[in-house]
Amino acid sequence: QVQLVESGGGLVQAGGSLRLSCAASGRTASWYSAGWFRQAPGKEREFVAVINWRSGNTNYEDFLKGRFTISRDNSENTVYLTMNSLKPEDTAVYYCAGSRFSLPRTRSMYETWGQGTQVTVSS
């Protein structure tokens, strides 16, 4: 039932960094975890990272190799995704989502989604 709004996307050169933000409103008490997904044209939406709202425990997609970091601010009901050493392959629409589950990695486990923010990495 929460509403999510992403921001921070844009155009960046390869090797650069971006920090995405996702602000939540509504019934955030039911938001056990917050995750980031991304979707490139012609591809399925894929899992990026998730953080448990209370414990701060995280889980990442393996192939990201530590370049991305997820974090949250409990007081502001905001989740962040810090992306370093960006590659052209990272170009996609990035979505944040809220879940009632602990550390889900599957789209079906998230009930609320933001509108997405475009990240474009140029060579």
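The values are calculated or read from the model by the stated rules, or taken from the named source; none is laboratory data. These numbers were taken from a predicted model, which means no experiment stands behind them. Heads up, the Cβs are rebuilt from the backbone with ideal geometry, glycines too, and the neighbour counts pull from every protein chain shown. Note: accessible area is taken over every heavy atom of the protein model, side chains too, but ligands, DNA and RNA are not part of it. Shrake-Rupley method; radii C 1.70, N 1.55, O 1.52, S 1.80 Å.
Evaluating 6.51 cos²θ - 1.76 cosθ + 1.60 at θ = phi - 60° for every residue in region 70-86, the Karplus couplings come out as 9, 8, 8, 10, 4, 5, 9, 6, 10, 10, 10, 10, 9, 10, 10, 6, 5 Hz, glycine and proline recorded as x. Inter-part distance, region 47-123 to region 1-32, computed on C-alpha centroids, equals 8 Å.
Each label point was placed 7 Å from the Cα along the Cα-to-Cβ direction; for Thr58 and Ser102 their separation is 1.9 nm. Pairs of Cα atoms in region 1-44 fall into 5 Å distance bins, from 0 up to the last occupied one, in shares of 5, 14, 22, 21, 19, 10, 7, 2 percent.
What number comes out for the charge environment of Val48, summing +1 per Lys or Arg and -1 per Asp or Glu over other residues with Cβ under 15 Å away? Don't jump to the answer; show the numbers that get you there.
Values: positive: Arg19, Arg38, Lys43, Arg45, Lys65, Arg67, Arg72, Lys87, Arg105, Arg107; negative: Glu6, Glu44, Glu46, Glu61, Asp62, Glu89, Asp90.
Net charge around Val48: +3.
A 1.4 Å probe over all protein chains sorts Met83, Met109 by accessible area into Met109, Met83, starting with the largest. Computed from the Cα positions only, the extents of the chain along the three principal axes stand at 42, 26, 24 Å, in decreasing order. Of the trypsin sites (Lys or Arg not before Pro) found in region 82-123, the ones in coil according to DSSP and having at most 14 other Cβ atoms within 10 Å of their Cβ are Arg100. Each listed q (0.12, 0.25, 0.26, 0.27 Å⁻¹) maps to a log10 I(q)/I(0) for region 62-123, found by the Debye formula over equal Cα scatterers with no solvent: -0.36, -1.32, -1.35, -1.37. As a length-normalised measure over Cα pairs under 8 Å and 6 or more apart, the relative contact order of the chain settles at 36 percent. For region 1-90, the fraction of 1.4 Å probe accessible surface lying on carbon and sulfur atoms is 44 percent.
For region 38-96, dividing the convex hull volume of the Cα atoms by the residue count gives 84 Å³ per residue.
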